[in-house]
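Note sheet for the following structure.
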Amino acid sequence: MVPLKRRKVVSPGTGNTGDSGNTGSTGSGDKVPIKFPQSVLFLLERKMGASRRAFLSQLGRKKGFQVEELFIESVTHVISENNSGDEVRTWLDSQVGGRAPAHLLDISWYTESMRAGHPVEILHRHKLQEQQVNEAEAVVFNIPSYACQRRTALDNHNTVLTFVSQDALSLLAENAELSDEDGRGVAFRRAAAVLKALPEPVTGMTQLRGLPCLGGHSLRVIKDILEDGASGEVELTKESERFKALKVLTGIFGVGVKTAERWIREQIHSLQQLQDSGQTLNRAQQAGLEHYDDLNQPVTKAEADAIGEIVREAVMSVLPGAQITVIGGFRRGKLTGHDVDFLVTHPEEGREVGLMPKVVSWLESQFSALQGFLLYQKTTRNSYLESKDGPARPASNMDRFERCFSIFKLPEEETRGTKQTETLTENTPEDTCSLAANWQVKGGEQMKPAGHKAWRAVRVDLVVSPISQFAFALLGWTGSKLFERELRRWAGHEKAMSLSSHALYDNKQSRYLRATSEEEIFAHLGLDYIPPSERNA
Ligand code: UTP
Ligand code: MN
């Protein structure tokens, strides 16, 4: 064993000397009384690092532990991280007096005590002498690096601790995305997705060795959470004014990061401030602000089904024989979503052309004598032309289907009723009429006591694809977003192919690869087929 450099210093190297006793410094002078005077703790900076040591020491003091800044006479517990018993003893030898305190403990004793709120019983495994042994026994996971090579179900096998880490990484991803740092955002999303895909709960950092997509930053966050139950960085981010304001403002339909940032620069942090500011809002943003609460309340599966029935009725009325498929999160089996997405096609190529304006007209003319099903809609035409656009350029992930971004006016459950749904599935013209008529009578505001509206606003996306592109559109619109991104990355990096929601192009063969099902596309890409319910990366 190589002896450590002998240092004749008392201080652990924090540069903070002459301040003995529990400094109790929690940052702003809010001293917490010592609750456990029999345990005098000292955290060794070696391998732990100064900032982590400071963070952990403060955490302890806040909970009433006596954590000493300096290695003074009265210290009873020396706590270290990633040090062997020999290493710590060598360090102790180097200290003036060379005295050995009662306990040489691993950081696990400290973090467990933090969690318990009192010094926990010292077990065999906490004692430093006994460390190192269990590392080899730890389960080490082996998972493929692209999310599209993995099966990610909605509920994964993780413990609460891993869920927390996953959420923490997702929050950092969100923060990066809201700060226009998409690269960092994706890195955190990939890391969170790896945790989601693990077959067993994570209990220690050694298990994460060799896993893909876990960079230094993500590992640090996971470590903090596994050990301390929280990450300082995540907690700070969550509480930051900027993050909170960005979330509130981008929560308005029609408001992106750029707009939100501009408003924040103009001291607009809340909806009230936005309203007071007299900013000019476009039509989408006006609708977004008006229906803010509804649109920020998750859409349930039942509501998605009800909207599906309305969309089906609309599409069937204007183009009998068309096919409607729910896409996005609900196709992956999610129980709630931020919107409902539908893909419409017709088995005869070309019959779908011009469908959207007709569907929109139908929707606008229904619901009640006064108002239609749509509170807002913006339709874009199909601008994709294979001959003109060529193989999907990797930079252009925006697809160019005929598409309708809308806000639906969904009648409340009691006005929808179950009978209507039953009759609708039979889809006879009479029933279809009675459905619309039913809503006309029941759905009006006048049916409700004043102040209570009989409907709720829901975001709905409609996409129309020609049948020849249907499989690509279906795959591209089922998500998750990370799964899609990973599919395109796999195609480009591993297969020299370009994948979009319109087509798959093989750069080596210089030709398009056709497909009529998702299974065929996975096969073209040399991937095992992953069903929608397992694309929840
Ligand atoms: P959503 O944003 O609706 O996500 O996009 P989601 O998975 O349904 O989750 P919720 O709605 O937040 O619950 C659905 C899919 O459509 C693709 C995305 O890649 C995602 O996989 N999409 C979305 C596009 O291809 N282009 C777009 O402009 C928008
Ligand atoms: Mn969706």
Scanning region 71-117 residue by residue, those over 12 Å from Leu44 (Cβ atoms), of a type outside the set (Gly, Ala, Ser) and assigned to a loop (DSSP other than H, G, I, E, B) turn out to be Ile72, Glu73, Thr76, Val96, Arg99
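Residue-wise test of (1) at pLDDT below 95; (2) buried (at least 19 other Cβ atoms within 10 Å of the Cβ).
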site: Leu56; (1), (2): yes, yes
site: Gln66; (1), (2): no, yes
site: Asn82; (1), (2): yes, no
site: Thr111; (1), (2): yes, yes
site: Gly117; (1), (2): yes, no
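Applying the selection to region 454-469, what residues are more than 14 Å from ligand 1 (Cβ to nearest atom) and more than 13 Å from Leu504 (Cβ to Cβ)?
Ala454, Trp455, Arg456, Ala457, Pro466, Ile467
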Taking the stated definitions as given, is Ala437 among the hydrophobic types (A, V, I, L, M, F, W, C), part of a helix (DSSP H, G or I), modelled with pLDDT of 95 or more and away from ligand 1 (no atom under 14 Å from the Cβ)? no
Note on Thr516: of the conditions (1) part of a helix (DSSP H, G or I); (2) more than 16 Å from ligand 2 (Cβ to nearest atom), unmet is (1)
Could you tell me whether Ile327 is surrounded by 15 or more Cβ atoms within 10 Å (Cβ to Cβ) and closer than 30 Å to Pro347 by Cα? yes
Residue by residue through region 311-329, note down the ones that are in contact with a strand residue (DSSP E or B) (Cβ under 9 Å, 6 or more places away or on another chain) and either β-branched (Val, Ile, Thr) or near ligand 1 (Cβ under 7 Å from one of its atoms) (or both). Val311, Val315, Ile324, Thr325, Val326, Ile327, Gly328, Gly329
Within region 344-377, how many residues are more than 16 Å from ligand 1 (Cβ to nearest atom) and either among the β-branched types (Val, Ile, Thr) or closer than 19 Å to Pro411 by Cβ (or both)? 18
Got a sec? Which of Asp341, Asp293 is among the charged types (D, E, K, R), closer than 19 Å to Pro411 by Cβ and either within 14 Å of ligand 1 (Cβ to nearest atom) or free of Cβ contacts under 8 Å to residues at least 12 places away in the same chain (or both)? Asp293
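Which residues, taken from region 330-370, are buried (at least 18 other Cβ atoms within 10 Å of the Cβ), of a type in the set (D, E, K, R) and not in a strand (DSSP E or B)?
Arg331, Arg332, Lys334, Asp339, Glu352
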Sort through Glu235, Glu303 and tell me the only one that's part of a helix (DSSP H, G or I) and free of Cβ contacts under 8 Å to residues at least 12 places away in the same chain. Glu235
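The values are calculated or read from the model by the stated rules, or taken from the named source; none is laboratory data. Computed from a prediction, not measured in an experiment: that's the story for all the values here. Positions of Cβ are generated from backbone atoms using ideal geometry, with glycine treated the same way; all protein chains shown enter the neighbour counts.
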